[in-house]
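Below is one structure, written out as structure tokens; the observations come after it.
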Ligand code: SF4
């Protein structure tokens, strides 16, 4: 039913151009239908690797209802439907994120999704789970030192990164497959918030997330500390004690940077400084992505939604929809995202990447660590 045009060589990236309203009535319905057909199209192998049993995760891109980066819930429901039709068991999933923002366990996370209108992806009979467990504490640690040592030293010596472990949500190794839905957009630390960032940040444990933004251990905020003592009893290494003044103190020599105290200090008595440079964050994100890739390689399908860009035309706002990209390679799909925008709508490029940052650094690092390749074959689908 499709006409396919292909150019380039490398990892396969499928491009479904967006059908606009002017071309078809019910264009959203038609776009959703084509999205489903592409996922099911055997030649693209997008669902391959999911047949070994087990649950297949769908990680929707969670954004508030009014965000331009929000992916229409119809697409999420479509993925659930397709998996169910193929007798694959879908599960909607996320990981707990940011300390002290009330997303730190399943109940608070879900309540927050409801409050901010983010859970419109909800699909009947498809459960929602946190991949780092109901309390956000389940973690697996993967030692990647030997893999990273093979990378060009010049790249690594530019950073003071000294931890080559990936800290990931503990349940990701239980997944039989994963579909990552991403709405790529500019990001002040990583440059581009695309498939690589979603793989690295989205599947991290709390510790893994913090390590992408903070280079230091937690600090005490004396004025917020109520001396309740909860952090003292919960610290696994007894690094916290009552200080001489009316607040706790942390012995950073004993601290293993697990972050538990930051969660427990409910009134902000302990927190992290987000002091990592973009260069540090990018490398740290790619290391996290490499850890996830070790576990889920061949089992992930990435979908980048290049939709809802805002173009200012002589003071008038126009929405530009480009289309949807699909690939099994996160590096290729992010490179194709940038290239497609540069080719068709160069004025939109700052919406998809922070042009002040060496964005290609993230993509290049991911390629050096063999998460994928920037060379790709673009297979365009014509109706
Ligand atoms: S981060 Fe973990 S080890 Fe360090 S002080 Fe807090 S609870 Fe203790």
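Read-outs: derived from the displayed coordinates by stated rules, not from any lab. Predicted model, so just to flag it, every value in this text is computed and none were measured. So basically every Cβ, Gly included, is an ideal-geometry build from the backbone, and we count neighbours across all protein chains shown.
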Mean Cβ-within-10 Å packing, highest first, puts peptides 225-235, 179-189 in the order 179-189, 225-235
Per its Cα gyration tensor (rounded if a/c is under 1.5, else prolate when a/b beats b/c, else oblate), the chain is best filed as prolate
Distance in nm between residue 67 and residue 313 label points, each 7 Å along Cα→Cβ, equals 2.8
To the nearest 10 degrees, the tilt of helix 278-296 (Cα long axis) against the first principal axis of the alpha carbons of the chain is 70
In the chain the DSSP beta bridges are antiparallel at a rate, in percent to nearest 5, of 60
Proxy exposure order for 18, 293 (fewest C-beta within 10 Å first) is 18, 293
To the nearest 10 degrees, the tilt of helix 73-85 (Cα long axis) against the first principal axis of the alpha carbons of the chain is 80
Checked region 171-288 against the a/c 1.5 cut and the a/b vs b/c comparison, axes a ≥ b ≥ c from its Cα gyration tensor; verdict prolate
Computed, not fitted: 222 nm per-residue ellipticity of the chain from DSSP H runs ≥ 4 (each -39500 (n - 2.57)), nearest 500, equal to -8500 deg cm²/dmol
Nearest 10, in degrees from 0 to 90: the angle of helix 106-115 to the longest Cα principal axis of the chain is 50
Subtracting the Cα-Cα distance of residue 350 and residue 224 from 0.36 nm times their residue separation yields 41.5 nm
For region 219-271, the percent of all C-alpha pairs falling in each 10 Å bin, from 0 up to the bin holding the max distance, is 29, 63, 8
Quick note, region 321-383: a/c under 1.5 would make it rounded; otherwise a/b > b/c is prolate and the rest oblate (a ≥ b ≥ c, C-alpha gyration tensor); here it is oblate
Hits in region 336-371: amide N under 12 Å from the 7 Å Cα→Cβ extension of residue 277, namely 358
Here, residue 6 and residue 81, labelled 7 Å along Cα→Cβ, have an inter-label distance in nm of 2.9
